[in-house]
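The values are calculated or read from the model by the stated rules, or taken from the named source; none is laboratory data. Keep in mind that this is a model prediction, so the values were computed, not measured. No Cβ is skipped: glycine too gets one built from the backbone with ideal geometry, and neighbour counts run over all protein chains shown. Remember, those area values only see protein heavy atoms, side chains included, never the ligands or the DNA or RNA. Shrake-Rupley method; radii C 1.70, N 1.55, O 1.52, S 1.80 Å.
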Amino acid sequence: MPDDAPIILAAAGEPLMERQFAARIDSLAAAEEWIDLLTTRRHADSAYSFAVLHEGVPAGNVTVSGVERRHLTGWISYWTREEARGRGLATRACRAVAEFAFAELGLFRLELAHRLDNPASCRVATAAGFLTEGVERARLLYDGVRYDTETHARLATD
Ligand SMILES: CC(C)(COP(=O)(O)OP(=O)(O)OC[C@H]1O[C@@H](n2cnc3c(N)ncnc32)[C@H](O)[C@@H]1OP(=O)(O)O)[C@@H](O)C(=O)NCCC(=O)NCCS
C-alpha cells in the first residue's frame, strides 16, 4: 500500500536489512517508488508481495517473486522488523505465502535461499516446510566478501 512508505523506509534502515531491497531505500520517495514497483510486478504476474502484520501494523514483508509460468516455479523472500522478530511471524507468513502460491497462483515448486551465516532464515524456511537442497559455494559477493548460500524448496505435493 502507498501508505506503507514510512514503514518501508524505517525498516530499510534496521539491522540485517541492508540486502533486503533490490533498490536503495534512503528516502520516502525511494520507498514510494519501491511500493510502485511491487504493484507493477503484481499486475505483470511476476511477483506478489504481502505485508506481515504485528498487532495490526505492518511489521514485515513476504513475497513470492520470479513467478515462472512455464515450469510453475517461484522464489520466496521475507523480512520482519527488528521489534517484531522472534514471535513466529516470518514462519507463519512464509507458510501462508506458500499456500497462496500453490492454491491461488497454481505454482508447483517454491524456492528460497539464505546465507549460511543467517540461521534465523534457515529456521523460518525449515519450519515453513522448505526442505534443504544443498549449499551453493561462494554464491554471493558483498563488499568484496563471498558468501555460501543454502537453497531450500517446497513442492505443492510436500
Ligand atoms: C530472518 C527473519 C525474517 C526471521 O524473522 P522472525 O519473524 O524473527 O522469524 P520467526 O520468529 O518466525 O522465527 C525465527 C527463528 O529463528 C531463530 N533464530 C533467531 N535468531 C537466531 C540466531 N541468531 N541463530 C539461530 N536461530 C535464530 C528463532 O529462535 C526462531 O526459530 P524457532 O522458531 O525454532 O525458535 C528476520 O530475522 C529478518 O527479517 N532478518 C533480516 C532479513 C533476512 O535475513 N531475511 C531473510 C533473507 S534469506
Would it be correct to say that Ala125 is within 13 Å of the ligand (Cβ to nearest atom), over 18 Å from Gly74 (Cα atoms) and among the hydrophobic types (A, V, I, L, M, F, W, C)? no
Flagged in the stretch 71-93 as without any contact (Cβ under 8 Å) to a residue 60 or more places away in the chain and under 15 Å from Glu14 (Cα atoms), in numbering order, are Tyr78, Thr80, Glu83, Ala84, Arg85
What are the pairs, 6+ residues apart or on separate chains, where a residue within the stretch 114-129 that is of a type in the set (A, V, I, L, M) has its Cβ under 6 Å from a residue that is in a helix (DSSP H, G or I)? Val124/Ala90; Val124/Thr91; Val124/Cys94; Ala127/Thr91; Ala128/Thr91; Ala128/Cys94; Ala128/Arg95
When the residues of the stretch 52-74 are narrowed to those that are hydrophobic (A, V, I, L, M, F, W, C) and closer than 15 Å to Ala101 by Cα, which ends up most open to solvent (accessible area, probe 1.4 Å)? Leu72
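Mind checking which residues of the stretch 68-92 are within 20 Å of Asp45 (Cα to Cα) and within 16 Å of the ligand (Cβ to nearest atom)?
If the condition is that a residue be within 20 Å of Asp45 (Cα to Cα) and within 16 Å of the ligand (Cβ to nearest atom), then Gly74, Trp75, Ile76, Ser77, Tyr78 are the ones that fit.
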Given (1) touching a residue at least 40 places away in the same chain (Cβ under 8 Å); (2) within 11 Å of the ligand (Cβ to nearest atom), number of the condition Phe102 does not satisfy: (2)
Breaking point among (1) more than 22 Å from Asp3 (Cβ to Cβ); (2) surrounded by 15 or more Cβ atoms within 10 Å (Cβ to Cβ), for Ala30: (1)
Looking at Glu111, Glu83, which is the one that is among the acidic types (Asp, Glu) and touching a Gly at 6+ places or on another chain (Cβ under 9 Å)? Glu111
Complete set of residues in the stretch 127-144 that are open to solvent by 70 Å² or more (accessible area, probe 1.4 Å) and either touching a strand residue (DSSP E or B) at 6+ places or on another chain (Cβ under 7 Å) or in a strand (DSSP E or B) (or both): Leu131, Thr132, Glu133, Val135, Glu136, Arg137, Arg139, Leu141
Select from the stretch 9-50 the residues that are within 24 Å of Glu99 (Cβ to Cβ), free of Cβ contacts under 8 Å to residues at least 24 places away in the same chain and either in contact with a Pro (Cβ under 6 Å, 6 or more places away or on another chain) or not in a helix (DSSP H, G or I) (or both) and list them in ascending order. Ala44, Ser46, Ala47, Ser49
Looking at Ser77, Ser49 in this structure, which one is open to solvent by 40 Å² or more (accessible area, probe 1.4 Å) and hydroxyl-bearing (Ser, Thr, Tyr)? Ser77
Would you pick out the residues in the stretch 80-121 that are out of contact with any helix residue (DSSP H, G or I) (no Cβ under 6 Å at 6 or more places or on another chain), crowded, with 17+ Cβ neighbours inside 10 Å, part of a helix (DSSP H, G or I) and not polar (S, T, N, Q)? Ala84, Leu89, Ala93, Arg95, Val97, Ala98, Ala101, Phe102
So, of the residues in the stretch 6-15 that are loosely packed, with under 13 Cβ neighbours inside 10 Å and within 15 Å of Thr80 (Cβ to Cβ), which turns out to be farthest from the ligand (Cβ to nearest atom)? Gly13
